[in-house]
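Peer 1: Right, I'll just put the structure down here and ask away after.
The values are calculated or read from the model by the stated rules, or taken from the named source; none is laboratory data. The model shown is predicted, which means the values in this text are computed figures rather than measured ones. Cβ sites come from the backbone with ideal geometry, for glycine too, and all protein chains shown count toward neighbours. In case anyone asks, the SASA skips ligands and DNA or RNA and just uses the protein heavy atoms, side chains included. Shrake-Rupley method; radii C 1.70, N 1.55, O 1.52, S 1.80 Å.
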Amino acid sequence: MYINQGMEAYDAIVVGSGVSGGWAAKELCEKGLKVLVLERGRNMVHGADYITEHKAPWEFPNRGRVYDRKTREANPLMDREPGLFNETTGHFFVADQEQPYVQDAPFTWLRGYMLGGRSVTWGRQCYRWSDLDFEANARDGHGVDWPIRYKDIAPWYAHVERYIGVSGEKLGLPQLPDGEFLPPMELNAVEKHTRDRIQSAFPGRHMTVGRVAILTQAHNGRAACHYCGPCARGCSTGSYFSSLSVTLPAAAATGNLTIRPNSVVHSVVYDEQTNRASGVRVIDAESLEETEYRAKIVFLCASTLGTTQILLNSTSRSFPNGLANSSGALGKYLMDHHFRVGATAVMEGFDDRYYVGNRPNGIYVPRFRNISRETRHPDFVRGYGFQGGASRASWGRGNGIPGFGAELKKTLRDPGPWGWWLGGWGEALPREDNTVTLDPDQTDRWGMPLLRIDCTWGPNELAMRKDIRSSAAEMLAAAGGKNINTFDEFETNGANGAAAPGLCIHEMGTARMGRDPKTSVLNGNNQAHDVPNLFVTDGSCMTSAANQNPSITYMALTARAANFAVEEMKKMNL
């Protein structure tokens, strides 16, 4: 499965081994191509390297909650997300000093340098886009028109869903197309009560369980989830999708896959004579030795910012400002989802109801703003959805209540009151002034220029956040919630990077698809307008952000692009 050092030429090179890279490898290998996957991080073995997966809290010095103060102070950027940067999962992420970049405005870039990338730690939420999303730019004039519509990608959504296994409930909503689902997970008692109250009080609003790439029944040789809970630590049963447990093994089974970890891609090599990418230039992460690998086609799947850094660093006489950048759009229109805004409530009653296991999923309320003339909001365009859930306070609430000794222990043996957390995930508009550039003076340990990131929320996002708070509160009130409190972490602590772009880890844009080569980097097949054998299928290809979690769209686009690339190779067009 790993590299033969004497082999330098392949049919295809895939840069990155995460959600997109794994799918590119699988599809290309299964179509008969000899494929080299380059991963800048360490090798990781599915299962064996999930070293904290089932450790008990008392096996961690700080009970798994946070790192010690010294580690946190040395990593202020990572410490913006303590839910990931803690003793249980921190080994999957890169420390601040190992990932320098320049923030012209607060931006949190969370990276995992390892085989499988962030597919090992992602949230697994899977929501199709609709033509409400693919037509949005053309309709309201923000950004350029997508070169595809829902009908173009729908078969590929189905292709991906059938293979990875997505559990969920069909709703029949035009703004959130149904998919090929395994049986849905179950809402708990308070969530069912809230769902019914919301749909009664607000026709057009729907609450369902999340659509998630976690198996609710055995599927394609993988076991169903058994609700053990610590998903972010890795899943040794493969019950949730990761490239490490699903697509990379499928690619390896063909005998056509070579993987080379510790391979930092410096740039794509461009052949002026043929107007083609001839391969990639790689720096060994450990020895710093430089090597070039050749291929007939190149797929960049290194994550939005990683791919953009490679393209900007790939300069030549024809492309002095970055490969495939005749449009000047490369590095512009950076987007993320804005979140950490919503409401909480206490739900009285239901004291005789509880739940079993640690359901690795929450609820979802699909977008209900700006989907028709009747739902148009006067203060902003586009929309948002809600995620969250209801739960009962457990023994951990003892950290915040008075008492000690036997009496406190007795109190904590019984579950506490029910509570709700309801948070919005909102769409950000594609703006030309949200940019990624190369720093002219500073370089990383491999000699590559550091990225400079300048990305902010605009008036549309800030207006949307106000509506997220109020609509979250009104839905919880309709359900009978008490002590309702709204929150907006950007408003209360934005100066320190709270809820700033990047934290949602849904960075998108910077090498967008489009119809016109003068205003976009890629065409409707994720193929570079300027370099026909170069494909980009990670988040950098996105022309707008929608409000849904984007990973399944990356997967569908990747599978579609791989199919197109192979067909074009057969026609001798590449």
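Peer 1: Return the total of residues in the range 186-199 being open to solvent by less than 10 Å² (accessible area, probe 1.4 Å) and more than 27 Å from Arg382 (Cβ to Cβ). Write out each step before concluding.
Peer 2: Taking the range 186-199 first, the residues open to solvent by less than 10 Å² (accessible area, probe 1.4 Å) are 190-191, 194, 198.
Checking which are more than 27 Å from Arg382 (Cβ to Cβ) leaves us with 190.
The qualifying residues number 1.
Peer 1: Tally time: how many residues in the range 516-533 are at negative phi, in contact with a helix residue (DSSP H, G or I) (Cβ under 6 Å, 6 or more places away or on another chain) and not in a strand (DSSP E or B)? Don't jump to the end; show me each part of the working.
Peer 2: At the first step, the residues of the range 516-533 found to be at negative phi are 516-525, 527-533.
With in contact with a helix residue (DSSP H, G or I) (Cβ under 6 Å, 6 or more places away or on another chain) added as a condition, the list becomes 522, 525.
Next, only the ones that are not in a strand (DSSP E or B) stay: 525.
Number of matching residues: 1.
Peer 1: Return the residues of the range 105-143 that are in contact (Cβ under 8 Å) with a residue 24 or more places away in the chain, open to solvent by 30 Å² or more (accessible area, probe 1.4 Å), in a loop (DSSP other than H, G, I, E, B) and more than 18 Å from Thr304 (Cα to Cα); say none if nothing qualifies.
Peer 2: His142
Peer 1: Then there's this: Starting from the range 441-468, keep only residues that are closer than 16 Å to Met508 by Cβ and part of a loop (DSSP other than H, G, I, E, B), then list their pairs with residues that are open to solvent by 10 Å² or more (accessible area, probe 1.4 Å) and of a type in the set (Gly, Ala, Ser) whose Cβ atoms are within a distance under 8 Å, requiring at least 6 positions of separation or different chains.
Peer 2: Pairs found: Cys455/Ala105; Thr456/Ala105.
Peer 1: Could you tell me whether any residue of the range 369-391 is modelled with pLDDT under 95, touching a Gly at 6+ places or on another chain (Cβ under 7 Å) and outside any strand (DSSP E or B)?
Peer 2: For the range 369-391, residues modelled with pLDDT under 95, touching a Gly at 6+ places or on another chain (Cβ under 7 Å) and outside any strand (DSSP E or B): absent.
Peer 1: Taking the range 34-59, which residues are of a type in the set (A, V, I, L, M, F, W, C) and surrounded by fewer than 24 Cβ atoms within 10 Å (Cβ to Cβ)? Spell out how you get there, then give the answer.
Peer 2: Going residue by residue through the range 34-59, those that are of a type in the set (A, V, I, L, M, F, W, C) are 35-38, 44-45, 48, 51, 56, 58.
Listed by number, the residues that qualify are Met44, Val45, Ala48, Ile51, Ala56, Trp58.
Peer 1: Look at Met475 and say whether it is at pLDDT 95 or above, assigned to a helix (DSSP H, G or I), of a type outside the set (Phe, Trp, Tyr) and closer than 29 Å to Thr307 by Cβ. Lay out the reasoning, then the answer.
Peer 2: On the way: at pLDDT 95 or above: yes; assigned to a helix (DSSP H, G or I): yes; of a type outside the set (Phe, Trp, Tyr): yes; closer than 29 Å to Thr307 by Cβ: no.
Criteria not met by Met475.
Peer 1: May I ask you to say which residue of Gly32, Gly21 is at pLDDT 95 or above and not in a helix (DSSP H, G or I)? Steps first, answer last, please.
Peer 2: Details: Gly21 fails: not in a helix (DSSP H, G or I).
Going through Gly32, Gly21 in turn, the sole match is Gly32.
Peer 1: Here is a check on your reading of the model: is Gly331 in a loop (DSSP other than H, G, I, E, B), in contact (Cβ under 8 Å) with a residue 40 or more places away in the chain and crowded, with 21+ Cβ neighbours inside 10 Å? Even if it seems obvious, please write down each step before you answer.
Peer 2: Numbers: in a loop (DSSP other than H, G, I, E, B): yes; in contact (Cβ under 8 Å) with a residue 40 or more places away in the chain: yes; crowded, with 21+ Cβ neighbours inside 10 Å: yes.
So Gly331 fits the description; yes.
Peer 1: Return the residues of the range 406-440 that are part of a strand (DSSP E or B) and not aliphatic (A, V, I, L, M); say none if nothing qualifies. Walk me through it before giving the result.
Peer 2: Step one: list which residues in the range 406-440 are part of a strand (DSSP E or B), which gives 418-426, 435-440.
Trp418, Gly419, Trp420, Trp421, Gly423, Gly424, Trp425, Gly426, Thr435, Thr437, Asp439, Pro440, listed by residue number.
Peer 1: Just the residues that are out of contact with any Phe, Trp or Tyr (no Cβ under 6 Å at 6 or more places or on another chain) and among the polar types (S, T, N, Q), please, taken from the range 116-150.
Peer 2: Within the range 116-150, Ser119, Gln125, Asn137 meet the criteria.
Peer 1: Could you tell me whether any residue of the range 154-172 is within 30 Å of Glu27 (Cβ to Cβ), assigned to a loop (DSSP other than H, G, I, E, B), among the hydrophobic types (A, V, I, L, M, F, W, C) and open to solvent by less than 40 Å² (accessible area, probe 1.4 Å)?
Peer 2: Scanning the range 154-172, I find no residue that is within 30 Å of Glu27 (Cβ to Cβ), assigned to a loop (DSSP other than H, G, I, E, B), among the hydrophobic types (A, V, I, L, M, F, W, C) and open to solvent by less than 40 Å² (accessible area, probe 1.4 Å), so the answer is no.
Peer 1: Now for a separate question. With respect to Ala302, is the statement that it is under 28 Å from Asp11 (Cα atoms), touching a residue at least 40 places away in the same chain (Cβ under 8 Å) and outside any helix (DSSP H, G or I) true? It would help to see each step written out before you state the result.
Peer 2: On the way: under 28 Å from Asp11 (Cα atoms): yes; touching a residue at least 40 places away in the same chain (Cβ under 8 Å): yes; outside any helix (DSSP H, G or I): yes.
It is true that Ala302 is under 28 Å from Asp11 (Cα atoms), touching a residue at least 40 places away in the same chain (Cβ under 8 Å) and outside any helix (DSSP H, G or I).
Peer 1: So which residues in the range 223-264 are among the basic types (Lys, Arg) and either surrounded by 23 or more Cβ atoms within 10 Å (Cβ to Cβ) or over 26 Å from Gly83 (Cβ atoms) (or both)? Before you say what the answer is, go through the steps one by one.
Peer 2: Going through the range 223-264, the residues among the basic types (Lys, Arg) turn out to be 233, 260.
Matches in the range 223-264: Arg260 only.
Peer 1: Let me ask something else about it. Here are some conditions: (1) open to solvent by 20 Å² or more (accessible area, probe 1.4 Å); (2) at pLDDT 95 or above; (3) under 24 Å from His54 (Cβ atoms). Phe202 meets all but one. Which one does it not meet?
Peer 2: Tallying (1) open to solvent by 20 Å² or more (accessible area, probe 1.4 Å); (2) at pLDDT 95 or above; (3) under 24 Å from His54 (Cβ atoms), Phe202 fails exactly one: (3).
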